[in-house]
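Here is the structure we will look at, set down as structure tokens.
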Amino acid sequence: MELTTLNHYHYKRLQEFCSSVFVKAGVEKEQADIVAASLVQADLRGVDSHGVVRTAIYLKRVEQKMINPKAKIRIEKEDESTALIDGCNHFGAVVGDKALKLAMKKAKANGVGMVGVKNSNHFGTGAFYALRGLKEDLVTIVMSNASQTMPPTGGIKPFIGTNPLAVGIPCGECEPFLLDMATSVVARGKIIVAAQKGEAIPHGWAIDKNGKSTTNAEEALKGSVLPLGGPKGYGISMFIDIFSGVLTGAGFGKYVNNMYENWKAPQNVGHFFITIDVNKFMDIKTFKHRMDLYIRDIKTEPKAEDVEEIFIPGEMESRRSEQRKKNGINLSQNVQRELTNIGMKYGVSLKDALMLNHNTEGKGV
């Protein structure tokens, strides 16, 4: 259990802080709320590498005109079940929000919705979108490509991204199935966090620029993270890049620009959303009952020594989210310092988001 201390922040107040900062930076309120919600939800679920730690780089991209928060996102092609969206270099979370809504609308009308996206940016976690599809009882598959951070199997130089995949499947009484994964052994963001904290990383996460295994986070960032399961992760990453990049007209492979390093051109990230109406196969209530049975059977399987419970994908993150909603989100000293400085620059106080105890829910200081 996480204990409340003075560096714990109430999730709603922290989201308000981030949204206010983005508004001050020129983002429309509704869109600022979407970006802030995507960041804070990542922290709630324990994916801190994609949480409010990204606020600074998002703002810098806006300030350097590498993200256009005034862009008019447009639908370039469309039919009953498919669409292609041009994000026009808006925030990835805002573009993803529009794409998901369109995919869900098409699934409800026609059984399936498939929406590709080009000219976008980093869009946060796949779970941010999959969870919303689950609320509509839709099977939801979310993919995105990313800039070069991972070598092809047998190579030593980054060529493909740690292209993420998220899959959400609704259940009845049980927690929904929610797989949200990078195609690397670990998300590169975790190595960034380790480097910020001056911590070592485990063997097998990454190689240095010479192709040698390293536990030094700084050296890993100069080298490459490794594919999950060797050639299997490499293959999955490629197929996501093909769907999200080659098929949509977005960047792919070496043509997706790095958010942290390239200040001459937009990222041109691509995404792909698939939503499926279960009712086209069987009644949703029957399906949920079958999913509950499936999950309960798995969780009652014999457990290995020292294992107290068998979890399904997304279950631990869901529990962590409820914990952090109650006890607050713990931000590192570096992140607090960074957000405080951002707040001072834009006239927004981070202290207003502090969670003083379990009962105040961050109301006042």
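Out of all the residues in region 296-329, which are touching a helix residue (DSSP H, G or I) at 6+ places or on another chain (Cβ under 8 Å) and not in a loop (DSSP other than H, G, I, E, B)?
Within region 296-329, 317, 320, 321, 324, 325, 329 qualify.
Test of understanding: among 94, 40, 53, 47, which residue is under 18 Å from residue 261 (Cα atoms) and touching a helix residue (DSSP H, G or I) at 6+ places or on another chain (Cβ under 9 Å)?
Values: 94 fails: under 18 Å from residue 261 (Cα atoms); 40 fails: under 18 Å from residue 261 (Cα atoms); 47 fails: under 18 Å from residue 261 (Cα atoms).
That would be 53, the only listed residue that is under 18 Å from residue 261 (Cα atoms) and touching a helix residue (DSSP H, G or I) at 6+ places or on another chain (Cβ under 9 Å).
Output the number of residues of region 312-340 satisfying the condition of being of a type in the set (A, V, I, L, M, F, W, C), over 13 Å from residue 41 (Cα atoms) and in contact with a strand residue (DSSP E or B) (Cβ under 8 Å, 6 or more places away or on another chain). Walk me through how you get there before you give the answer.
From region 312-340, those of a type in the set (A, V, I, L, M, F, W, C) are 312, 316, 329, 331, 335, 339; that's our starting set.
In the following step, the residues that additionally are over 13 Å from residue 41 (Cα atoms) were identified as 312, 316, 331, 335, 339.
Now drop any that are not in contact with a strand residue (DSSP E or B) (Cβ under 8 Å, 6 or more places away or on another chain), which leaves 312, 331.
The number of residues fulfilling the criteria is 2.
Open to solvent by 60 Å² or more (accessible area, probe 1.4 Å), among the charged types (D, E, K, R), farther than 22 Å from residue 130 by Cβ and part of a helix (DSSP H, G or I): is that true of residue 285 in this structure?
Against the criterion (open to solvent by 60 Å² or more (accessible area, probe 1.4 Å), among the charged types (D, E, K, R), farther than 22 Å from residue 130 by Cβ and part of a helix (DSSP H, G or I)), residue 285 does not qualify.
Which of the residues that make up region 162-216 are of a type in the set (Gly, Ala, Ser) and in contact with a helix residue (DSSP H, G or I) (Cβ under 6 Å, 6 or more places away or on another chain)? Before the answer, list the steps.
Quick first cut of region 162-216, residues of a type in the set (Gly, Ala, Ser) only: 166, 168, 172, 182, 184, 187, 189, 194-195, 198, 200, 204, 206, 211, 213.
Answer for region 162-216, where residues must be of a type in the set (Gly, Ala, Ser) and in contact with a helix residue (DSSP H, G or I) (Cβ under 6 Å, 6 or more places away or on another chain): 166, 168, 172, 187, 189, 194, 195, 206.
Would you check which residues across region 131-160 are assigned to a strand (DSSP E or B) and of a type in the set (S, T, N, Q) and list them?
If we filter region 131-160 for residues that are assigned to a strand (DSSP E or B), which is where we start, we get 138-144, 150, 160.
Within region 131-160, 140, 144 meet the criteria.
Just give me the residues in region 17-67 being outside any helix (DSSP H, G or I) and farther than 21 Å from residue 181 by Cα, in sequence order.
Our first condition is that a residue be outside any helix (DSSP H, G or I); within region 17-67, this holds for 25-28, 45-47, 51, 64-67.
If the condition is that a residue be outside any helix (DSSP H, G or I) and farther than 21 Å from residue 181 by Cα, then 25, 26, 27, 28, 64, 65, 66, 67 are the ones that fit.
If you go through region 38-46 one residue at a time, do you hit one that is at negative phi, buried (at least 18 other Cβ atoms within 10 Å of the Cβ) and of a type in the set (D, E, K, R)?
First, pick out the residues of region 38-46 that are at negative phi: 38-45.
Subsequent filtering for residues that are buried (at least 18 other Cβ atoms within 10 Å of the Cβ) retains 38-45.
Still in the running and of a type in the set (D, E, K, R): 43, 45.
Yes - at least one qualifying residue is present in region 38-46.
Could you grab the pairs with beta carbons closer than 7 Å, sequence gap of 6+ or different chains, first residue in region 113-127 and closer than 12 Å to residue 269 by Cα, second one among the aromatic types (Phe, Trp, Tyr)?
116/272; 121/91
Inside region 167-282, counting only helices (runs of 4 or more DSSP H) that do not spill past its ends, which hold 2 or more residues that are among the acidic types (Asp, Glu)? Write out each step before concluding.
Working: elements: 188-197, 217-222, 231-241.
Because the criterion is at least 2 residues that are among the acidic types (Asp, Glu), the helices (runs of 4 or more DSSP H) in region 167-282 that meet it are 217-222.
Given the residues 276, 312, which is the only one that is surrounded by 12 or more Cβ atoms within 10 Å (Cβ to Cβ), touching a residue at least 40 places away in the same chain (Cβ under 8 Å) and touching a Phe, Trp or Tyr at 6+ places or on another chain (Cβ under 8 Å)? Spell out the reasoning first.
Numbers: 276 fails: touching a Phe, Trp or Tyr at 6+ places or on another chain (Cβ under 8 Å).
Checking each option against the conditions leaves just 312.
So which residues in region 184-207 are touching a Gly at 6+ places or on another chain (Cβ under 9 Å) and either open to solvent by 30 Å² or more (accessible area, probe 1.4 Å) or more than 23 Å from residue 236 (Cα to Cα) (or both), if there are any at all?
Once the filter is applied, which keeps residues that are touching a Gly at 6+ places or on another chain (Cβ under 9 Å) and either open to solvent by 30 Å² or more (accessible area, probe 1.4 Å) or more than 23 Å from residue 236 (Cα to Cα) (or both), region 184-207 yields 185, 188.
The values are calculated or read from the model by the stated rules, or taken from the named source; none is laboratory data. What you see is a predicted model; the values in this text were computed from it and never measured. Cβ atoms come from the backbone with ideal geometry, glycine included; neighbour counts cover every protein chain shown. Just the protein is used for accessible areas: all its heavy atoms, side chains included, with ligands, DNA and RNA removed. Shrake-Rupley method; radii C 1.70, N 1.55, O 1.52, S 1.80 Å.
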